[in-house]
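The values are calculated or read from the model by the stated rules, or taken from the named source; none is laboratory data. Predicted, not measured: the structure shown is a model, and the values here were computed from it. Cβ: placed from backbone, ideal geometry, glycine included. Neighbour counts: every protein chain shown.
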Amino acid sequence: MKYDVVVVGGGPAGSVTARFAAEKGAKVLIVERRQEIGVPVLCGEGISRKIDDWGMLEGKRWIASTMEGARIYSPDKTCVTLSADVAGNETGYVVYRDIFDQELARRAVKAGAEIMLNTTATGLIKKDNEIKGVKVKQFNEEFEIQTDIVVGADGVESKVGEWAGINTCLKPTDLETCAQYTLTNVECSDAYCDFYLGKEIAPGGYIWVFPKGKDVANVGIGILASFSESGMAKKLLDKFIESDHRLKKGEPVRFLAGAVPVSLPVETVRDHLVLVGDAARHVDPITGGGLTHCLEGGKIAGEVIGEAVEKQDFTKEILMKYETGWKNAFGGKLKRNYAVKEIMLDMDDKTFNMLADSLKDYKFEELSTYSLIKALVLKHPTLLMKLKPLMKMSKEV
Ligand SMILES: Cc1cc2nc3c(=O)[nH]c(=O)nc-3n(C[C@H](O)[C@H](O)[C@H](O)COP(=O)(O)OP(=O)(O)OC[C@H]3O[C@@H](n4cnc5c(N)ncnc54)[C@H](O)[C@@H]3O)c2cc1C
(Lines give C-alpha, C1' and ligand atoms only; values in the text may rest on other atoms or scores of the structure.)
Protein backbone atom coordinates (compact mmCIF):
# COMPACT_ATOMS: atom_id res chain seq x y z
CA MET A 1 0.00 0.00 0.00
CA LYS A 2 1.39 3.41 -0.92
CA TYR A 3 -0.12 6.87 -0.33
CA ASP A 4 1.29 10.38 -0.62
CA VAL A 5 -0.10 11.21 2.81
CA VAL A 6 -1.26 9.05 5.73
CA VAL A 7 -3.24 10.93 8.37
CA VAL A 8 -3.33 9.18 11.75
CA GLY A 9 -6.64 10.11 13.38
CA GLY A 10 -10.02 10.94 11.87
CA GLY A 11 -10.96 13.78 14.25
CA PRO A 12 -11.55 17.33 12.99
CA ALA A 13 -7.84 18.15 12.58
CA GLY A 14 -7.19 14.96 10.60
CA SER A 15 -10.20 15.30 8.31
CA VAL A 16 -9.58 18.96 7.51
CA THR A 17 -5.88 18.34 6.79
CA ALA A 18 -6.81 15.34 4.61
CA ARG A 19 -9.39 17.36 2.71
CA PHE A 20 -7.13 20.25 1.78
CA ALA A 21 -4.22 17.99 0.85
CA ALA A 22 -6.54 15.86 -1.32
CA GLU A 23 -7.98 18.97 -2.97
CA LYS A 24 -4.45 19.76 -4.15
CA GLY A 25 -4.28 16.33 -5.77
CA ALA A 26 -2.50 14.30 -3.06
CA LYS A 27 -3.45 10.64 -2.55
CA VAL A 28 -4.54 10.65 1.09
CA LEU A 29 -5.51 7.94 3.56
CA ILE A 30 -6.98 8.56 7.03
CA VAL A 31 -6.43 5.71 9.52
CA GLU A 32 -8.79 5.83 12.50
CA ARG A 33 -8.76 3.40 15.41
CA ARG A 34 -12.43 3.89 16.26
CA GLN A 35 -15.23 2.06 14.50
CA GLU A 36 -17.17 5.25 13.85
CA ILE A 37 -15.85 8.76 13.15
CA GLY A 38 -16.68 11.16 15.99
CA VAL A 39 -18.03 8.45 18.34
CA PRO A 40 -17.88 8.40 21.32
CA VAL A 41 -18.15 12.18 21.66
CA LEU A 42 -15.50 13.62 23.98
CA CYS A 43 -16.32 17.32 23.91
CA GLY A 44 -18.33 20.19 25.39
CA GLU A 45 -19.34 20.84 21.78
CA GLY A 46 -18.99 24.64 21.89
CA ILE A 47 -17.46 26.43 18.91
CA SER A 48 -17.07 29.98 17.68
CA ARG A 49 -19.36 31.27 14.95
CA LYS A 50 -16.34 32.53 13.07
CA ILE A 51 -16.26 29.10 11.42
CA ASP A 52 -19.19 30.35 9.26
CA ASP A 53 -16.68 32.45 7.32
CA TRP A 54 -14.51 29.41 6.63
CA GLY A 55 -17.23 27.43 4.78
CA MET A 56 -15.87 24.06 5.92
CA LEU A 57 -19.22 22.54 6.92
CA GLU A 58 -22.29 22.37 4.71
CA GLY A 59 -25.88 22.55 5.97
CA LYS A 60 -26.98 22.95 9.57
CA ARG A 61 -27.42 19.36 10.74
CA TRP A 62 -24.36 19.62 12.98
CA ILE A 63 -25.75 22.63 14.92
CA ALA A 64 -27.63 21.82 18.14
CA SER A 65 -28.13 25.44 19.21
CA THR A 66 -26.96 28.95 18.41
CA MET A 67 -25.55 31.04 21.24
CA GLU A 68 -25.85 34.80 21.74
CA GLY A 69 -22.96 35.02 24.17
CA ALA A 70 -21.33 33.80 27.34
CA ARG A 71 -21.67 34.53 31.04
CA ILE A 72 -18.68 34.09 33.29
CA TYR A 73 -19.40 33.70 37.03
CA SER A 74 -16.82 34.39 39.72
CA PRO A 75 -16.87 32.38 43.00
CA ASP A 76 -19.23 34.95 44.61
CA LYS A 77 -21.46 34.62 41.48
CA THR A 78 -20.67 38.07 40.08
CA CYS A 79 -21.49 37.75 36.40
CA VAL A 80 -19.58 39.12 33.41
CA THR A 81 -21.57 38.91 30.16
CA LEU A 82 -19.85 38.74 26.80
CA SER A 83 -21.37 38.78 23.32
CA ALA A 84 -20.68 35.82 21.01
CA ASP A 85 -18.28 38.00 18.98
CA VAL A 86 -15.88 38.54 21.86
CA ALA A 87 -16.50 35.46 23.97
CA GLY A 88 -13.81 33.28 22.46
CA ASN A 89 -13.53 29.95 20.77
CA GLU A 90 -16.27 28.01 22.50
CA THR A 91 -19.22 30.37 22.22
CA GLY A 92 -21.23 30.62 19.03
CA TYR A 93 -22.73 27.24 18.37
CA VAL A 94 -23.23 24.17 20.47
CA VAL A 95 -22.80 21.35 17.99
CA TYR A 96 -23.45 17.63 17.70
CA ARG A 97 -19.76 16.59 17.64
CA ASP A 98 -20.46 13.20 16.06
CA ILE A 99 -22.30 14.79 13.12
CA PHE A 100 -19.76 17.66 13.02
CA ASP A 101 -16.81 15.24 12.76
CA GLN A 102 -18.59 13.09 10.19
CA GLU A 103 -19.40 16.15 8.06
CA LEU A 104 -15.71 17.13 8.05
CA ALA A 105 -14.79 13.54 7.12
CA ARG A 106 -17.39 13.59 4.33
CA ARG A 107 -15.76 16.71 2.88
CA ALA A 108 -12.35 14.99 3.01
CA VAL A 109 -13.74 11.97 1.16
CA LYS A 110 -15.45 14.21 -1.39
CA ALA A 111 -12.04 15.72 -2.08
CA GLY A 112 -10.64 12.23 -2.72
CA ALA A 113 -9.35 11.03 0.67
CA GLU A 114 -9.89 7.43 1.78
CA ILE A 115 -10.76 6.32 5.33
CA MET A 116 -9.74 3.08 7.04
CA LEU A 117 -11.68 2.51 10.28
CA ASN A 118 -10.79 0.09 13.10
CA THR A 119 -7.16 0.71 12.20
CA THR A 120 -4.66 1.76 14.85
CA ALA A 121 -1.27 3.21 13.96
CA THR A 122 1.35 1.43 16.08
CA GLY A 123 4.60 3.00 14.90
CA LEU A 124 6.51 4.63 12.08
CA ILE A 125 8.49 2.82 9.42
CA LYS A 126 11.93 4.39 9.17
CA LYS A 127 14.90 3.70 6.92
CA ASP A 128 18.22 5.38 7.80
CA ASN A 129 16.18 7.46 10.25
CA GLU A 130 13.94 8.76 7.44
CA ILE A 131 10.17 8.26 7.80
CA LYS A 132 8.88 5.93 5.08
CA GLY A 133 5.46 4.92 6.35
CA VAL A 134 3.20 3.82 9.18
CA LYS A 135 2.76 0.45 10.89
CA VAL A 136 -0.88 -0.32 11.62
CA LYS A 137 -3.02 -2.94 13.28
CA GLN A 138 -6.51 -3.75 12.03
CA PHE A 139 -8.29 -6.26 14.25
CA ASN A 140 -5.59 -8.95 14.58
CA GLU A 141 -3.76 -8.15 11.40
CA GLU A 142 -0.63 -6.01 11.35
CA PHE A 143 0.65 -4.42 8.17
CA GLU A 144 2.63 -1.47 6.81
CA ILE A 145 1.51 1.50 4.72
CA GLN A 146 4.17 3.35 2.74
CA THR A 147 3.83 7.12 2.56
CA ASP A 148 5.78 10.31 1.89
CA ILE A 149 4.15 12.32 4.66
CA VAL A 150 2.68 11.21 7.99
CA VAL A 151 0.23 13.55 9.69
CA GLY A 152 -0.13 13.10 13.46
CA ALA A 153 -3.78 14.06 14.08
CA ASP A 154 -4.08 11.58 16.92
CA GLY A 155 -5.37 13.94 19.59
CA VAL A 156 -4.33 14.57 23.18
CA GLU A 157 -2.77 11.11 23.65
CA SER A 158 -0.70 11.56 20.46
CA LYS A 159 2.05 9.05 19.89
CA VAL A 160 3.04 10.04 16.35
CA GLY A 161 5.08 13.04 17.48
CA GLU A 162 6.85 10.95 20.11
CA TRP A 163 7.67 8.24 17.52
CA ALA A 164 9.33 10.97 15.43
CA GLY A 165 11.39 12.14 18.43
CA ILE A 166 9.32 15.23 19.29
CA ASN A 167 8.81 15.90 22.99
CA THR A 168 5.01 15.85 23.39
CA CYS A 169 5.01 15.09 27.15
CA LEU A 170 2.52 17.10 29.16
CA LYS A 171 3.27 18.32 32.69
CA PRO A 172 0.42 17.90 35.21
CA THR A 173 0.10 21.71 35.20
CA ASP A 174 -0.49 21.58 31.43
CA LEU A 175 -3.26 18.98 31.39
CA GLU A 176 -6.92 19.43 32.27
CA THR A 177 -8.85 16.36 33.38
CA CYS A 178 -12.48 16.65 32.39
CA ALA A 179 -15.84 15.07 33.11
CA GLN A 180 -19.15 15.95 31.51
CA TYR A 181 -22.79 14.97 31.61
CA THR A 182 -25.29 15.68 28.89
CA LEU A 183 -28.28 16.33 31.12
CA THR A 184 -31.89 16.26 30.05
CA ASN A 185 -34.80 17.89 31.90
CA VAL A 186 -32.77 20.97 32.81
CA GLU A 187 -33.87 24.61 32.74
CA CYS A 188 -31.25 26.10 30.45
CA SER A 189 -33.27 27.43 27.57
CA ASP A 190 -31.57 30.80 27.06
CA ALA A 191 -28.85 31.16 24.46
CA TYR A 192 -25.88 31.68 26.77
CA CYS A 193 -22.93 29.44 27.53
CA ASP A 194 -22.15 29.72 31.24
CA PHE A 195 -18.71 29.38 32.81
CA TYR A 196 -18.11 29.09 36.59
CA LEU A 197 -14.68 29.88 37.99
CA GLY A 198 -13.10 29.40 41.39
CA LYS A 199 -10.52 27.35 43.25
CA GLU A 200 -13.21 25.46 45.15
CA ILE A 201 -15.57 24.97 42.22
CA ALA A 202 -12.94 23.80 39.73
CA PRO A 203 -9.27 24.18 40.77
CA GLY A 204 -7.23 25.39 37.80
CA GLY A 205 -10.19 25.17 35.46
CA TYR A 206 -13.91 25.83 35.30
CA ILE A 207 -17.38 24.35 35.08
CA TRP A 208 -19.35 24.90 31.88
CA VAL A 209 -23.05 24.73 31.09
CA PHE A 210 -23.69 24.69 27.33
CA PRO A 211 -27.40 24.59 26.36
CA LYS A 212 -28.01 22.01 23.67
CA GLY A 213 -31.57 22.59 22.59
CA LYS A 214 -34.75 22.36 24.63
CA ASP A 215 -34.19 21.09 28.20
CA VAL A 216 -30.79 19.62 27.35
CA ALA A 217 -27.32 20.90 28.28
CA ASN A 218 -23.73 19.75 28.37
CA VAL A 219 -22.57 20.32 31.94
CA GLY A 220 -18.90 19.66 32.42
CA ILE A 221 -15.81 20.39 34.43
CA GLY A 222 -12.11 20.69 33.69
CA ILE A 223 -9.57 20.75 36.52
CA LEU A 224 -5.84 20.88 36.32
CA ALA A 225 -4.24 17.44 36.71
CA SER A 226 -1.76 18.90 39.20
CA PHE A 227 -4.64 19.71 41.57
CA SER A 228 -6.73 16.62 41.05
CA GLU A 229 -6.99 13.25 42.73
CA SER A 230 -8.70 10.26 41.19
CA GLY A 231 -12.43 10.86 40.68
CA MET A 232 -12.25 14.47 41.84
CA ALA A 233 -13.57 16.02 38.61
CA LYS A 234 -16.77 13.97 38.75
CA LYS A 235 -17.21 14.63 42.50
CA LEU A 236 -16.94 18.41 42.05
CA LEU A 237 -19.25 18.30 39.05
CA ASP A 238 -21.88 16.29 40.95
CA LYS A 239 -21.68 18.75 43.84
CA PHE A 240 -22.19 21.70 41.49
CA ILE A 241 -25.16 20.11 39.73
CA GLU A 242 -26.79 19.27 43.07
CA SER A 243 -26.49 22.92 44.16
CA ASP A 244 -27.81 24.49 40.94
CA HIS A 245 -31.57 24.98 40.76
CA ARG A 246 -31.61 24.77 36.94
CA LEU A 247 -29.71 21.49 36.82
CA LYS A 248 -30.51 19.44 39.88
CA LYS A 249 -33.63 17.79 38.39
CA GLY A 250 -31.66 16.78 35.31
CA GLU A 251 -30.89 13.18 34.38
CA PRO A 252 -27.85 12.15 32.34
CA VAL A 253 -28.19 10.79 28.83
CA ARG A 254 -24.42 10.74 28.34
CA PHE A 255 -21.34 10.80 30.58
CA LEU A 256 -17.80 11.25 29.41
CA ALA A 257 -14.35 11.70 30.85
CA GLY A 258 -11.38 13.02 28.90
CA ALA A 259 -8.34 15.25 28.93
CA VAL A 260 -7.31 18.50 27.28
CA PRO A 261 -3.74 19.71 26.75
CA VAL A 262 -3.27 23.30 27.96
CA SER A 263 0.42 23.65 27.21
CA LEU A 264 2.33 25.69 24.68
CA PRO A 265 2.38 24.15 21.18
CA VAL A 266 5.12 21.64 20.38
CA GLU A 267 7.41 21.45 17.37
CA THR A 268 4.97 20.61 14.56
CA VAL A 269 7.17 19.76 11.60
CA ARG A 270 9.96 17.32 10.78
CA ASP A 271 11.08 15.84 7.45
CA HIS A 272 8.08 13.77 6.19
CA LEU A 273 6.00 14.65 9.30
CA VAL A 274 3.39 17.18 10.43
CA LEU A 275 1.41 17.40 13.68
CA VAL A 276 -2.04 19.05 13.79
CA GLY A 277 -4.82 19.75 16.31
CA ASP A 278 -4.48 18.45 19.88
CA ALA A 279 -1.44 16.42 18.83
CA ALA A 280 0.26 19.76 18.06
CA ARG A 281 -1.11 21.13 21.38
CA HIS A 282 -3.10 23.75 19.47
CA VAL A 283 -5.60 24.16 22.30
CA ASP A 284 -6.42 27.49 23.92
CA PRO A 285 -4.66 27.21 27.31
CA ILE A 286 -7.32 29.29 29.08
CA THR A 287 -10.52 27.77 27.74
CA GLY A 288 -9.36 24.31 26.65
CA GLY A 289 -11.09 24.87 23.29
CA GLY A 290 -9.34 23.26 20.36
CA LEU A 291 -11.87 22.94 17.56
CA THR A 292 -11.34 26.25 15.75
CA HIS A 293 -7.58 25.66 15.69
CA CYS A 294 -8.13 22.16 14.27
CA LEU A 295 -10.01 23.72 11.37
CA GLU A 296 -7.74 26.72 10.88
CA GLY A 297 -4.49 24.81 11.38
CA GLY A 298 -5.72 21.76 9.45
CA LYS A 299 -6.44 23.88 6.38
CA ILE A 300 -2.97 25.42 6.45
CA ALA A 301 -1.38 22.00 6.96
CA GLY A 302 -3.38 20.41 4.13
CA GLU A 303 -2.50 23.14 1.67
CA VAL A 304 1.21 23.06 2.53
CA ILE A 305 1.26 19.24 2.32
CA GLY A 306 -0.51 19.45 -1.05
CA GLU A 307 2.25 21.75 -2.32
CA ALA A 308 4.94 19.43 -0.97
CA VAL A 309 3.37 16.53 -2.84
CA GLU A 310 3.18 18.60 -6.04
CA LYS A 311 6.88 19.42 -5.71
CA GLN A 312 7.78 15.94 -4.42
CA ASP A 313 9.77 17.66 -1.67
CA PHE A 314 8.98 16.40 1.83
CA THR A 315 11.71 18.15 3.76
CA LYS A 316 11.21 20.12 6.94
CA GLU A 317 12.12 23.30 5.01
CA ILE A 318 9.08 22.98 2.72
CA LEU A 319 6.73 21.81 5.48
CA MET A 320 7.80 24.68 7.76
CA LYS A 321 5.38 26.90 5.79
CA TYR A 322 2.70 25.19 7.89
CA GLU A 323 4.40 26.09 11.18
CA THR A 324 4.86 29.70 10.04
CA GLY A 325 1.22 29.73 8.90
CA TRP A 326 -0.34 28.57 12.17
CA LYS A 327 2.00 30.82 14.17
CA ASN A 328 0.77 33.80 12.15
CA ALA A 329 -2.87 32.72 12.44
CA PHE A 330 -3.12 31.88 16.14
CA GLY A 331 0.36 31.29 17.59
CA GLY A 332 0.45 34.69 19.31
CA LYS A 333 -2.91 34.08 20.95
CA LEU A 334 -1.83 30.67 22.27
CA LYS A 335 1.34 32.21 23.74
CA ARG A 336 -0.55 35.06 25.38
CA ASN A 337 -3.27 32.81 26.77
CA TYR A 338 -0.68 30.42 28.18
CA ALA A 339 0.80 33.38 30.11
CA VAL A 340 -2.69 34.32 31.34
CA LYS A 341 -3.31 30.71 32.43
CA GLU A 342 -0.10 30.77 34.48
CA ILE A 343 -1.15 34.04 36.15
CA MET A 344 -4.62 32.66 36.87
CA LEU A 345 -3.12 29.63 38.60
CA ASP A 346 -1.75 31.91 41.31
CA MET A 347 -5.05 33.70 41.85
CA ASP A 348 -7.27 33.03 44.84
CA ASP A 349 -11.05 33.27 44.84
CA LYS A 350 -10.90 36.83 46.25
CA THR A 351 -8.93 37.94 43.21
CA PHE A 352 -11.39 36.20 40.85
CA ASN A 353 -14.17 38.14 42.58
CA MET A 354 -12.29 41.42 42.17
CA LEU A 355 -11.70 40.65 38.50
CA ALA A 356 -15.38 39.95 37.90
CA ASP A 357 -16.38 43.07 39.82
CA SER A 358 -14.08 45.14 37.60
CA LEU A 359 -15.46 43.68 34.41
CA LYS A 360 -19.16 43.21 35.15
CA ASP A 361 -20.28 46.55 33.67
CA TYR A 362 -17.51 46.87 31.12
CA LYS A 363 -18.63 47.22 27.49
CA PHE A 364 -16.16 45.13 25.58
CA GLU A 365 -15.51 46.38 22.08
CA GLU A 366 -13.01 43.63 21.64
CA LEU A 367 -11.63 41.13 24.09
CA SER A 368 -8.04 42.24 23.68
CA THR A 369 -5.47 41.95 26.44
CA TYR A 370 -5.26 45.74 26.47
CA SER A 371 -9.00 46.33 26.90
CA LEU A 372 -9.12 43.77 29.69
CA ILE A 373 -6.24 45.30 31.61
CA LYS A 374 -7.70 48.78 31.22
CA ALA A 375 -11.02 47.65 32.65
CA LEU A 376 -9.43 45.81 35.54
CA VAL A 377 -7.04 48.48 36.62
CA LEU A 378 -9.61 51.27 36.50
CA LYS A 379 -11.65 49.61 39.25
CA HIS A 380 -9.11 47.63 41.26
CA PRO A 381 -5.65 49.20 40.87
CA THR A 382 -4.14 46.55 43.18
CA LEU A 383 -4.69 44.03 40.39
CA LEU A 384 -2.04 45.84 38.40
CA MET A 385 0.83 44.01 40.16
CA LYS A 386 -0.71 40.60 39.53
CA LEU A 387 -1.19 41.39 35.87
CA LYS A 388 2.20 42.99 35.23
CA PRO A 389 3.50 40.16 33.01
CA LEU A 390 0.48 40.64 30.78
CA MET A 391 1.23 44.32 30.22
CA LYS A 392 4.43 43.38 28.44
CA MET A 393 2.66 40.72 26.35
CA SER A 394 -0.17 43.04 25.34
CA LYS A 395 2.42 45.12 23.49
CA GLU A 396 3.88 42.03 21.82
CA VAL A 397 0.68 40.20 20.82
C1 LIG B 1 -14.38 17.01 27.97
C2 LIG B 1 -13.89 17.83 26.83
C3 LIG B 1 -14.61 18.96 26.45
C4 LIG B 1 -14.17 19.75 25.38
N5 LIG B 1 -14.93 20.80 24.99
C6 LIG B 1 -14.55 21.55 23.93
C7 LIG B 1 -15.38 22.60 23.46
O8 LIG B 1 -16.49 22.83 23.95
N9 LIG B 1 -14.93 23.33 22.42
C10 LIG B 1 -13.74 23.10 21.79
O11 LIG B 1 -13.37 23.82 20.86
N12 LIG B 1 -12.95 22.09 22.23
C13 LIG B 1 -13.33 21.30 23.25
N14 LIG B 1 -12.56 20.24 23.66
C15 LIG B 1 -11.31 19.98 22.93
C16 LIG B 1 -11.62 19.34 21.58
O17 LIG B 1 -12.44 18.21 21.79
C18 LIG B 1 -10.32 18.94 20.90
O19 LIG B 1 -9.53 20.11 20.77
C20 LIG B 1 -10.55 18.34 19.53
O21 LIG B 1 -11.31 17.16 19.59
C22 LIG B 1 -9.20 18.00 18.91
O23 LIG B 1 -9.41 17.43 17.64
P24 LIG B 1 -8.28 16.52 17.03
O25 LIG B 1 -8.76 16.16 15.67
O26 LIG B 1 -6.95 17.13 17.20
O27 LIG B 1 -8.26 15.25 17.97
P28 LIG B 1 -9.44 14.25 18.34
O29 LIG B 1 -10.77 14.83 18.12
O30 LIG B 1 -9.11 13.73 19.68
O31 LIG B 1 -9.25 13.09 17.26
C32 LIG B 1 -8.12 12.25 17.31
C33 LIG B 1 -8.52 10.96 16.61
O34 LIG B 1 -7.36 10.15 16.48
C35 LIG B 1 -7.71 8.81 16.74
N36 LIG B 1 -6.49 8.12 17.12
C37 LIG B 1 -5.72 8.35 18.23
N38 LIG B 1 -4.65 7.54 18.22
C39 LIG B 1 -4.73 6.80 17.07
C40 LIG B 1 -3.91 5.80 16.51
N41 LIG B 1 -2.78 5.39 17.11
N42 LIG B 1 -4.30 5.24 15.33
C43 LIG B 1 -5.44 5.63 14.71
N44 LIG B 1 -6.26 6.58 15.22
C45 LIG B 1 -5.90 7.18 16.37
C46 LIG B 1 -8.75 8.91 17.84
O47 LIG B 1 -9.55 7.76 17.89
C48 LIG B 1 -9.53 10.16 17.42
O49 LIG B 1 -10.62 9.84 16.59
C50 LIG B 1 -12.97 19.42 24.71
C51 LIG B 1 -12.25 18.29 25.09
C52 LIG B 1 -12.71 17.49 26.12
C53 LIG B 1 -11.94 16.26 26.50
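All conditions in (1) crowded, with 16+ Cβ neighbours inside 10 Å; (2) of a type outside the set (Phe, Trp, Tyr); (3) within 30 Å of Thr66 (Cα to Cα); (4) within 20 Å of the chain's Cα centre (by Cα) hold for Ala257, with the sole exception of (1). The residue list Val31, Val16, Val8 contains one member that is near the ligand (Cβ under 9 Å from one of its atoms), more than 20 Å from His282 (Cβ to Cβ) and not charged (D, E, K, R), which is Val31.
Taking residues in region 136-163 that are at positive phi, and partners anywhere that are surrounded by fewer than 21 Cβ atoms within 10 Å (Cβ to Cβ), the pairs with Cβ atoms closer than 9 Å and at least 6 places apart or on different chains are Phe139/Asn118; Gly155/Leu42.
Would you tally the residues in region 162-192 being surrounded by fewer than 23 Cβ atoms within 10 Å (Cβ to Cβ) and more than 20 Å from Gly288 (Cα to Cα)? Of the residues in that region, 12 qualify.
Just to be sure before I move on: is Glu58 charged (D, E, K, R) and at pLDDT 95 or above in the structure I sent?
Answer is no for this residue.
Residue check: Gly25 meets all listed conditions (1) surrounded by fewer than 22 Cβ atoms within 10 Å (Cβ to Cβ); (2) within 11 Å of the ligand (Cβ to nearest atom); (3) not polar (S, T, N, Q) but one, namely (2).
Inspect all residues belonging to region 60-71 and state whether any of them is within 24 Å of Gly222 (Cα to Cα), within 13 Å of the ligand (Cβ to nearest atom) and in a loop (DSSP other than H, G, I, E, B). The answer is yes; a qualifying residue exists.
Quick one: would you say Lys249 is over 21 Å from Val151 (Cβ atoms), touching a residue at least 24 places away in the same chain (Cβ under 8 Å), surrounded by fewer than 20 Cβ atoms within 10 Å (Cβ to Cβ) and within 14 Å of the ligand (Cβ to nearest atom)? So Lys249 does not fit the description; no. Scanning region 45-59 for residues that are in contact with a helix residue (DSSP H, G or I) (Cβ under 9 Å, 6 or more places away or on another chain) and within 15 Å of the ligand (Cβ to nearest atom) yields a count of 9. Within region 210-239, the set of residues being touching a Ser or Thr at 6+ places or on another chain (Cβ under 8 Å) and on the phi > 0 side of the Ramachandran plot comprises Gly213, Asp215. Condition first: under 17 Å from the mean Cα position of the chain (by Cα) and among the aliphatic types (A, V, I, L, M). Can you find one or more residues in region 158-177 that meet it? Looking through region 158-177, at least one residue is under 17 Å from the mean Cα position of the chain (by Cα) and among the aliphatic types (A, V, I, L, M).
Residues that are near the ligand (Cβ under 9 Å from one of its atoms) and of a type in the set (Phe, Trp, Tyr) within region 252-298 are absent altogether.
Among the residues of region 80-118, those that are in a loop (DSSP other than H, G, I, E, B) and of a type outside the set (Ser, Thr, Tyr) comprise Ala84, Asp85, Val86, Ala87, Gly88, Asn89, Glu90, Ala111, Gly112, Ala113, Leu117, Asn118. The number of residues in region 319-339 being of a type in the set (A, V, I, L, M) and either surrounded by fewer than 18 Cβ atoms within 10 Å (Cβ to Cβ) or in a loop (DSSP other than H, G, I, E, B) (or both) comes to 2. One residue stands out in region 119-154 among those that are part of a loop (DSSP other than H, G, I, E, B) and surrounded by fewer than 21 Cβ atoms within 10 Å (Cβ to Cβ): the one that is farthest from the ligand (Cβ to nearest atom), namely Asp128.
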